[in-house]
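Colleague: I have a structure I would like to understand better, so I am pasting it below and will then ask my questions one at a time.
The values are calculated or read from the model by the stated rules, or taken from the named source; none is laboratory data. The structure displayed is predicted, hence computed values, not measured ones. Virtual Cβ from ideal backbone geometry, glycine too; neighbours counted across all protein chains shown.
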Amino acid sequence: MGNEKAERIQTSLLNDLEKKALTRLAAGMPSWVTSDMLTYLGVAAAVFYAIFCWLACVNVNFFWAAALCLVINWYGDSLDGSLARYRDAQRPKYGFFIDHSLDALTTCLFCLGLGLSPLMQLSISLFIMGGYLCMSIYTYLSTIVMGKFRLTYASLGPTEMRLLIIAVCILYIYLPLNDLELEIAGIHFSIYDCIGSVVAAALFIVYIASLVKDLRALAKIDPPKHNNKK
């Protein structure tokens, strides 16, 4: 079960600006709109994002539609919790469960979209997905065991990651750079494959570093038990 009393750690670059925007959006939200509706809107936007990324293989301008879907996804995914808090209608256990269950799905859709697009190889996007899902699992375990719900790492969170994807997609429209390739062991990697590989590697490095740090802390909190029986 989720730890509803866990300390929320949010140190992203856009945190203050995002909080102000979400508070205003929540205040102006019609009464018939619910948090669940916003949650499902975010998931639907992620589905269409993946479809438009795939269609970008036919016409790269579909990346504009994919970028718009990421904005809509941010709107639904970020505003659902803010709306619940604004209306004092939080459902800690239900909200934690549905929000982060669907977060795993949308993460898969984000990475699948990149892999189906002309931007990068599917294997690279799956590498990114593996790193992000490892970070997600670590976050949830840390929430339960350590009582700390870390939403950001190295001042970067989901919002910054969406902006990074949007920036790369738009950059590809104007600079496909298909002729710039790096060959390793007979396999060709584009510039965007290299960018994706760096992002994936960074996710795994942060995951391992955070894991080691918390394991050391937990070893002190919960040391081995010595059997004194003879």
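Colleague: Sort out which residues of segment 115-130 are more than 14 Å from the chain's Cα centre (by Cα) and either crowded, with 23+ Cβ neighbours inside 10 Å or among the basic types (Lys, Arg) (or both), and write them in order of number.
Modeller: SER117, LEU119, MET120, ILE124
Colleague: Given the condition aliphatic (A, V, I, L, M) and assigned to a helix (DSSP H, G or I), answer yes or no: does some residue in segment 81-90 qualify? Can you show your working first?
Modeller: In the first step, residues of segment 81-90 are kept if they are aliphatic (A, V, I, L, M); the result is 83-84, 89.
Among the residues that remain, those that are also assigned to a helix (DSSP H, G or I) are: 83-84.
Yes - at least one qualifying residue is present in segment 81-90.
Colleague: Restricted to segment 42-64, and to residues that are in contact with a Leu (Cβ under 8 Å, 6 or more places away or on another chain) and free of Cβ contacts under 8 Å to residues at least 60 places away in the same chain, which residue is farthest from ILE98 (Cα to Cα)?
Modeller: Only one residue tops the list, namely PHE62.
Colleague: If LEU105 satisfies every condition in (1) under 12 Å from the mean Cα position of the chain (by Cα); (2) modelled with pLDDT of 90 or more; (3) under 20 Å from PHE48 (Cα atoms); (4) surrounded by 15 or more Cβ atoms within 10 Å (Cβ to Cβ) but one, which is the exception?
Modeller: Going through (1) under 12 Å from the mean Cα position of the chain (by Cα); (2) modelled with pLDDT of 90 or more; (3) under 20 Å from PHE48 (Cα atoms); (4) surrounded by 15 or more Cβ atoms within 10 Å (Cβ to Cβ) one by one, LEU105 breaks only (4).
Colleague: Identify, please: which residue in segment 1-25 is part of a helix (DSSP H, G or I), surrounded by fewer than 13 Cβ atoms within 10 Å (Cβ to Cβ) and among the basic types (Lys, Arg) and is, among those, modelled with the highest pLDDT?
Modeller: Among them, the one singled out is ARG24.
Residues are listed down the side, and each one gets a yes or a no for (1) touching a strand residue (DSSP E or B) at 6+ places or on another chain (Cβ under 8 Å); (2) β-branched (Val, Ile, Thr); (3) outside any helix (DSSP H, G or I); (4) at pLDDT below 85:
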position	(1), (2), (3), (4)
ASN178	yes, no, yes, yes
ALA201	no, no, no, no
VAL212	no, yes, no, no
ALA217	no, no, no, yes
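Colleague: Of the residues PHE149, PHE127, PHE97, which single one is more than 30 Å from SER190 (Cα to Cα), of a type in the set (A, V, I, L, M, F, W, C) and either out of contact with any Asp or Glu (no Cβ under 9 Å at 6 or more places or on another chain) or modelled with pLDDT of 90 or more (or both)? Can you show your working first?
Modeller: On the way: PHE149 fails: either out of contact with any Asp or Glu (no Cβ under 9 Å at 6 or more places or on another chain) or modelled with pLDDT of 90 or more (or both); PHE127 fails: more than 30 Å from SER190 (Cα to Cα).
After applying the criteria, what remains is PHE97.
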